[in-house]
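Encoded as structure tokens, the structure appears first; notes follow it.
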């Protein structure tokens, strides 16, 4: 079943900025790419990205922006997993 949630414009803007920022971590860029892939589409988060996003939210070492991207990814994941 397809996901009915899509990424907001505000979060898409944050994700685009993250991807273009040379100081963004590789994890932040992975999350940002996943967030952007869910703009205006019924894409669902993959299992491996769900795991990455979950680990980011559990950790104290990531920025609030990175955690915001991770939360968005998890909100659009497969509810059966």
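The values are calculated or read from the model by the stated rules, or taken from the named source; none is laboratory data. Here the structure is a predicted model, which means the values were calculated and not measured. Cβ: placed from backbone, ideal geometry, glycine included. Neighbour counts: every protein chain shown.
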request  = Among the candidates 32, 16, 10, single out the residue that is surrounded by 12 or more Cβ atoms within 10 Å (Cβ to Cβ) and closer than 16 Å to residue 75 by Cα.
outcome  = 32
request  = Using the structure shown, decide if residue 40 is modelled with pLDDT under 90 and either touching a strand residue (DSSP E or B) at 6+ places or on another chain (Cβ under 6 Å) or loosely packed, with under 14 Cβ neighbours inside 10 Å (or both).
outcome  = yes
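Which of the residues belonging to the stretch 47-69 are more than 15 Å from residue 12 (Cβ to Cβ) and either buried (at least 21 other Cβ atoms within 10 Å of the Cβ) or touching a helix residue (DSSP H, G or I) at 6+ places or on another chain (Cβ under 8 Å) (or both)? Don't jump to the end; show me each part of the working.
From the stretch 47-69, those more than 15 Å from residue 12 (Cβ to Cβ) are 47-64, 66-67; that's our starting set.
49, 50, 52, 53, 54, 56, 57, 62, 63, 66, 67, listed by residue number.
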ask   = Taking residue 22 and the conditions (1) at pLDDT below 95; (2) farther than 15 Å from residue 8 by Cα; (3) assigned to a loop (DSSP other than H, G, I, E, B), which numbered condition does it fall short on, given that it satisfies the others?
value = (1)
